[in-house]
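Written out below as C-alpha cells is the structure these notes cover.
Here, each number is a calculation from the coordinates, and none is a lab measurement. In this text the structure is predicted, and so the values were computed from the model without any measurement. Methodologically, a virtual Cβ is constructed for each residue, glycine included, from the backbone with ideal geometry; neighbour enumeration extends over all protein chains shown.
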C-alpha cells in the first residue's frame, strides 16, 4: 500500500486506513528502522497476531517433541509418502 505523508505543523503524518486500525487493533504503534526501511507495528501485546506468535514460541519445543513422536506412525508415513498429497500451503521457511 502506498500512502502520501500529510503535513501537520512542522511534522509529517501518516494516515492509516480505519480498516487496518481495526484489523490490527491499533492504539499506539512502534516504528522500527530495518534494512528495508521502516516497520510499523502495534505496540499492544494484545493483538491477535502477537498473541498467536507468542503462543507458538511458548509451545515450540512441545510441538517439535510431538512431531518426533509421530514421525514413525504408519498413518503419518503413508500420508506424507503419497505423491498426491498437496503441500502447496506449507511454508518451507518455517524455523
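If the chain linking residue 28 and residue 86 were pulled fully straight, counting 0.36 nm for each residue of separation and taking away their Cα-Cα distance, it would gain 16.8 nm. Computed over the Cα atoms of segment 23-64, the ratio of the radius of gyration to the Kirkwood radius (Rg/Rh) comes to 1.10. A simple spin-label model places pseudo-atoms 7 Å from Cα toward Cβ; at residue 39 and residue 11 they are separated by 2.3 nm. Applying 1/(1 + (r/R0)^6) with R0 = 41 Å to the Cβ-Cβ distance of residue 1 and residue 76 gives a FRET efficiency near 0.50. Cα axis of helix 48-70 to longest principal axis of the chain: angle in degrees, 0 to 90, nearest 10? Approximately 10 degrees, to the nearest 10. Estimated purely from DSSP H runs of n ≥ 4, each contributing -39500 (n - 2.57), the mean residue ellipticity at 222 nm for the chain is -12000 deg cm²/dmol once divided by its residues. Annotation: peptides 30-36, 52-58, 20-26, ranked by per-residue average of other Cβ atoms within 10 Å with the highest first, follow the order 20-26, 52-58, 30-36.
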